[in-house]
Amino acid sequence: MSHSGYPSYTQQIAHVIEELLQVGQLEVQQPEVVWRALSDYKSSNADFPDHLLARVNQSAGCDCTITFDKKTGKQPAFKLLKSNS
């Protein structure tokens, strides 16, 4: 929780995703991959879609996911692609 007593933005997003994963009427493709991505998201400063993409890529056999985002590139599942400019 943040100092103001309200959940952080990351916690709010994580809570919504957890709730959606638990709705019986929704069918989520590769729910175990989404749960892993959610776990990664909770312990990092990268965005959830980045972690989801990395986990989907890993489930397809990729060793890492290439990114241009410096913040995301610091996460273990990613490799930062640096520009030459």
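Considering helices alone, the calculated mean residue ellipticity of the chain at 222 nm is -14500 deg cm²/dmol, with DSSP H runs of length four and up weighted by -39500 (n - 2.57) and normalised per residue. Considering the chain at the alpha-carbon level, its Rg and Dmax are found to be 14.5, 49 Å.
Placing unit charges on the Cβ atoms only, positive for Lys and Arg and negative for Asp and Glu, gives the chain a dipole magnitude near 460 debye about its Cα centre.
As a rough footprinting exposure proxy, the listed residues LEU21, LEU81, LEU52 were ranked by other beta carbons within 10 Å of their own, and the order from fewest upward is LEU81, LEU21, LEU52. Got a sec? Charge dipole of the chain, +1 on Cβ for Lys and Arg, -1 for Asp and Glu; which of VAL34, HIS51, ALA77 is way out at the positive end? Result: ALA77, furthest along the dipole toward the positive end. Across the chain, Cα pairs under 8 Å and at least six residues apart give a relative contact order of 18 percent. Positive contributions from Lys and Arg (+1) and negative ones from Asp and Glu (-1), summed over other residues with Cβ under 13 Å from the Cβ of PRO31, come out at -1.
Order these peptides, 68-77, 35-44, by their mean beta-carbon neighbour count within 10 angstrom, highest first.
Going from most to least packed, we get 35-44, 68-77.
The numbers here are math on the coordinates, done by the rules we state, and not lab data. Quick caveat, the model's predicted, so the values are computed rather than measured. Positions of Cβ are generated from backbone atoms using ideal geometry, with glycine treated the same way; all protein chains shown enter the neighbour counts.
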